[in-house]
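Presented below is the structure to which this report refers.
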Amino acid sequence: HPPRKFQGPVPGVGDRILAHVEPLPEPDPMGYTFEARPIKRLAPERQRLLGIFRARPGGGGAIDPVDRKQLREWPVEKGHEAGAGDGDLVRFDLVRHGRYGLRRARVVERLGNPADQRQVSLIAIHAHGIPDVFPPAALAELEALAPPDARGRTDLTHLPLVTIDPEDARDHDDAVWAGPDDDPANPGGHVVIVAIADVSHYVRTGSALDREALRRGNSVYFPDRVVPMLPERISNDLCSLREGELRPCMAVRMVLDAEGRRRSHHFMRAMMRSAARLSYGQAQAAVDGQEDETTGPLVETVLRPLWTAWRALEVRRQRQPPLALDLPERKIHIGEDGRVARITVPPRLEAHRLIEAFMIEANVCAAESLDAKRQPLIYRVHEPPSQEKLEALRDVLAEWGLALPRAGTLRPSHFNAILSKVEDTPQAELVSEMVLRAQSQAAYSPHNVGHFGLSLRRYAHFTSPIRRYGDLVVHRALVRALGLGEGGLEPEEAARLEAIAEDISTAERRAIAAERETADRLIAHYLADRIGATFTGRISGVVRPGLFIRLDETGADGFVPAATIGEDYFIFDEQRRAMIGERSGETFRLGDAVEVRLVEAIPTAGALRFEIVSEGATGSPPGRRGRTARGGGRGRGERQMPRRPAARTRRSARR
C-alpha cells in the first residue's frame, strides 16, 4: 500500500521510525537497492540503566548507580549477574516479582571495569549513547582513500605555515602564516593565511564515513581518551597537517590594513607543507626570547610576523569587543598508573589568543563568502540572553553592588564592564560564572541570527572539520559556491540543513554533558582517599536543599545538605541567594569563602558531600518564615544530591 503522509515531528539522526520499504528498479549512484519512505517517528527505545556491580559471596550482589540524582543501591539476585564481576560497569533492567514485590536489578550487559581511572569515561560514553566503534562499512571505505592530485590546487608549499596546538595534541587540522603586505596601497598592512585540512576531499556526502560522522556530530574529548568523529586514518594521518609532509588544505588568504581592518579575502583549495609543529607554550616562549632548536630559525621569519598581524587585528576587535569571559580551564592529568596524577590550570597565553583570533576571522570570512553567493550553509549562532536570565543575573549582581543597564540594547561590552569591576577580586571567577550561565547556548542553524558573544553579524564554523560536522558542511558549501572542484554540498544535503543543524547541536550538548560528568567522576576518584580532609572553597550555588561548594585547589564541585549546616534552623532566602540562621542570623551567601570538610565521595557518580567548618557571616535573623532545614546533626543529610549548576568545561563556551 502507498505510505501515508508523515505523522509528527521530522525525524533526525538516531531516531526510530516506521517506514514503507520498497526495492528500487536499479541501484542508485550511492549503491542503495531499497528506498524507505518514513511514515512516523516512533518513541525512543527505553534506555537501560547503568551502574557498578558489587558481587556478593555465594552469588548475586548489588548495583551502585552512576547517576548522582539516584544514589541508591539495587539488589541483584543470584543468577541475574550475566557474568559480571565485582566492580564491572553494567547495563541493567529493573524487574518486579509480583504486583507488589520490590524492584530488583537484572544485569543484561557487562560493559567493562572502570576501576582503572583511564576507563572512567566508559560510564559517560555508555550513559549518553555516544558511538565509539566505527561500523565495518565506514572502515572499508578508508582503504580506497588517497591524497588528491595537486593539479588545480594553489601551491602554498613555499610558505612556512606552522601549526600551533596544545602540547599533547594528536591531530593538527589548522596552520597559520602571516607577513607584510607588499601592496603600496596598503602601507603597514598584513597578509594572513589560515589553512585547514581538506576533509571534504575524503569524506563525501552520503558515504558510510559521512553518515557515521553525522551520527557522531563531533569528537568528544575525555582526559583518558578521545572519541573521534572520523577514524584515525583521516584525523591523525591524511588530514593531519604534519610537519614536513605534503597535505591538501582549504585556505583563506586575508589582507588586513595597519589597524587590522580586513580589506579583502579569498578562499582556495591548496597544497601545503607544515614548516613546524609548535605548542602554544613553545611559540610563546620563543616570542618572549626563550628560543629552542625548532623555534630559533622561525622567530623573525614566522612568529614575529604572526604576532604583529595579530596585534593589529586586536586593535580592530577592541572597537567592538566580544564577551571577555576568561574563566580558568582546569586540566586533569592521568598518570601511568591510570590514576589522576594532578589537576592544573594551564596559563592563558598570547599564543592562545592569537590562534583564536585568526580562527574567528577565518570563520567570519567563510560566512561572508557564502552569504555573498547566497549559498545555503549552517551558521554558528548565539542569541542574546533571555529577559528571564538577565533579571536573575541582575538580582545576583545587586548583592555585590553591581548593576547591568536596563534600558537600550544590551551588548557584550556591558557585561565586560561588570567583569572589569571585579577583576582581581575574590568574586571574579564566580561573577564570570554567573555571566556565563546567563548567556544563551550557542547552536547551529541554517538561519542567521548573529553571534552575540562575539559581537558578529554572521559567523560559521570553518576551522575544525576533523572534529565538528558543521565545519565539514561549511567546507562543502564553499567548494560548491566557489567552484573549487569535487566534494561540494549536494542539493539533497542542502535541503536537509535544518535537520542536520538540529542533530549536531544535540550531539554537541551530549558531548559537553559527557565531558563534564567524566571530569566530575575523575576528581571524585582523586579526592576519595582524602575523606575527613578540609579544603577552602566558595559557595557557587544556593538552593533550598543546601549549598554547592567549588573548591579552590581543584575546582571540584560538591554539596552541603542544609540539614548539616551549624546548630540552627537555616532558611533559604531566594532573593539574597543565602542560607540564614533563624535564631542566630548566621548567613552563608553565594560567593562567600568557606572552609569545608569532605564527608563522602562517590567516584562512580562524580558526587562529593561536604560539611561546613567555617563560621558564616554575622547577620540579622530573618524571622520565622518557615523552616528550610534543621541543623545540629552534621553528616545526617540525605545521601541523594541535587543536580548542581552547570560548570564550565574545557570547551563549554564552544564559540
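With one equal scatterer per alpha carbon and no solvent term, the Debye-computed log10 I(q)/I(0) for the stretch 119-200 at 0.15, 0.18, 0.23 1/Å reads -0.89, -1.05, -1.20. Ordering K373, K389, K78 by accessible surface, largest first, gives K78, K373, K389; the 1.4 Å probe counts only protein heavy atoms, with every chain in place.
Percent relative contact order of the stretch 155-199, based on C-alpha pairs within less than 8 angstrom and at least six residues apart? Intermediate results must be reported in sequence, preceding the final value.
On the way: 46 pairs, mean separation 14.4, N = 45.
Dividing the mean separation by the residue count of the stretch 155-199 yields 32 percent.
Rounded to two decimals, the Cα-based Rg/Rh of the stretch 296-368, with Kirkwood Rh, is 1.11.
Of the residues S614, S584, ranked by 1.4 Å probe accessible area with the largest first, the sequence reads S584, S614. Across the chain, the mean sequence separation of Cα contacts (distance under 8 Å, 6 or more residues apart), normalised by length, yields a relative contact order of 12 percent.
The angle between the Cα long axis of helix 304-317 and the main principal axis of the chain comes to about 70°, on a 0 to 90 degree scale. Against the chain, whose longest principal axis is taken from its Cα atoms, helix 387-398 shows a tilt of about 60°.
Diagonalising the gyration tensor over the Cα atoms of the chain and scaling each eigenvalue by 5 before taking the square root yields semi-axes of 44, 35, 24 Å, largest first. Relative to the dominant Cα principal axis of the chain, helix 469-482 is inclined by about 20°. The distance separating the Cα centre of the stretch 178-248 from that of the stretch 137-173 comes to 7 Å. Convex hull of alpha carbon positions in the stretch 237-310: directionally averaged projected area 5.9 nm². The stretch 316-368 and the stretch 503-549 have their alpha-carbon centroids 21 Å apart. Taking each DSSP H run with n ≥ 4 as -39500 (n - 2.57) and averaging over every residue of the chain yields -7500 deg cm²/dmol at 222 nm.
Of the GluC sites (Glu not before Pro) found in the stretch 282-367, those in coil by DSSP whose Cβ has at most 13 other Cβ atoms within 10 Å are E293, E336. Ordered from longest to shortest, the equivalent ellipsoid semi-axes for the stretch 160-209 are 32, 17, 6 Å, each the square root of 5 times a Cα gyration tensor eigenvalue. Its alpha carbons considered, the stretch 524-616 gives a radius of gyration followed by a Dmax of 12.7, 39 Å.
Per residue, the stretch 394-452 exposes 47 Å² of solvent-accessible protein surface, assessed with a 1.4 angstrom probe and all protein chains in place. Evaluated on the stretch 323-435, the Kirkwood hydrodynamic radius is 17.7 Å, with distances taken between all distinct Cα atoms.
The values are calculated or read from the model by the stated rules, or taken from the named source; none is laboratory data. A quick note: this is a predicted structure, and the numbers were derived from the prediction, not measured. Neighbour counts run over all protein chains shown; Cβ positions are idealised from the backbone, glycine included. When the accessible area is computed, the model is the full protein with side chains, heavy atoms only, and any ligands, DNA or RNA have been set aside. Shrake-Rupley method; radii C 1.70, N 1.55, O 1.52, S 1.80 Å.
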